[in-house]
1. For the stretch 32-77, what are the residues that are of a type in the set (Gly, Ala, Ser), more than 14 Å from the chain's Cα centre (by Cα) and either buried (at least 19 other Cβ atoms within 10 Å of the Cβ) or not in a helix (DSSP H, G or I) (or both)?
2. Take the stretch 78-107 and flag every residue that is surrounded by fewer than 15 Cβ atoms within 10 Å (Cβ to Cβ) and either under 14 Å from the mean Cα position of the chain (by Cα) or not assigned by TED's automatic domain parsing to the domain that holds residue 23 (or both).
3. Among the residues of the stretch 37-48, is any of a type in the set (Asp, Glu) and either over 19 Å from residue 96 (Cβ atoms) or not assigned by TED's automatic domain parsing to the domain that holds residue 68 (or both)?
4. Exactly one condition in (1) more than 24 Å from the chain's Cα centre (by Cα); (2) at pLDDT 95 or above; (3) among the polar types (S, T, N, Q) is not met by residue 8; state its number.
5. Any idea how many residues of the stretch 53-99 are within 18 Å of residue 6 (Cα to Cα) and of a type in the set (Phe, Trp, Tyr)?
6. Looking at residue 40, is it at pLDDT 95 or above, closer than 19 Å to residue 7 by Cβ and in contact with a Ser or Thr (Cβ under 7 Å, 6 or more places away or on another chain)?
Amino acid sequence: MKRKNYVNNKTFYDELVKYKIAFDLAKENNLPPPPISNYIGECLYLIATKLSNKPNFNRYSHKEDMISDGLENSIRYLHVFNPERSNNPFAYFTQTIKNAFIRRIKTEKKQLYLKFKATQSHHLTSQLNDNSFVIENNDIVNGYIQEYEAAIQKKKDEAKGLEKVLKPENEP
């Protein structure tokens, strides 16, 4: 039994070719970009929604934000898709949406880190001001902060290592 695809890649491609022609014509005549067709919008929405249900993305509480970011990026860069280079818009926009999801996850992780770090600093400051030395032991928050900081340090160390490879020590 053959699986039915939720996006018809050929029709999606044909609609994007029409859009690209209209976009280029509008650009030549200094007109605003044309609106995207309902079919293109539906395809992008289906791709984003189905991708958000994959196991590596579906556990996040900010899934709706991820879908919105994916749609925004796809629509913003719709004119970048080049039908002469590729006839697979499904793969192109799936990757575009996936990248938007990853950026949103990184942003959310950073915001959570900042929130935990600020809370931790607030607790420490208020304890010092009260002259009480009760240390709050929240293993989850402390573990998250340590993991986040370790990941940042690892990236810095890798960048330094790459810097040394690109720039030998005997060069100024």
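1. Result: 37, 61.
2. Listed by number, the residues that qualify are 95, 99, 102, 103, 106, 107.
3. no
4. Only one criterion is unmet by residue 8, namely (2).
5. 3
6. Taking the combined requirement at face value, the residue does not satisfy it.
The values are calculated or read from the model by the stated rules, or taken from the named source; none is laboratory data. These numbers were taken from a predicted model, which means no experiment stands behind them. Every residue, glycine among them, receives a Cβ derived from its backbone with ideal geometry; neighbour counts consider all protein chains shown.
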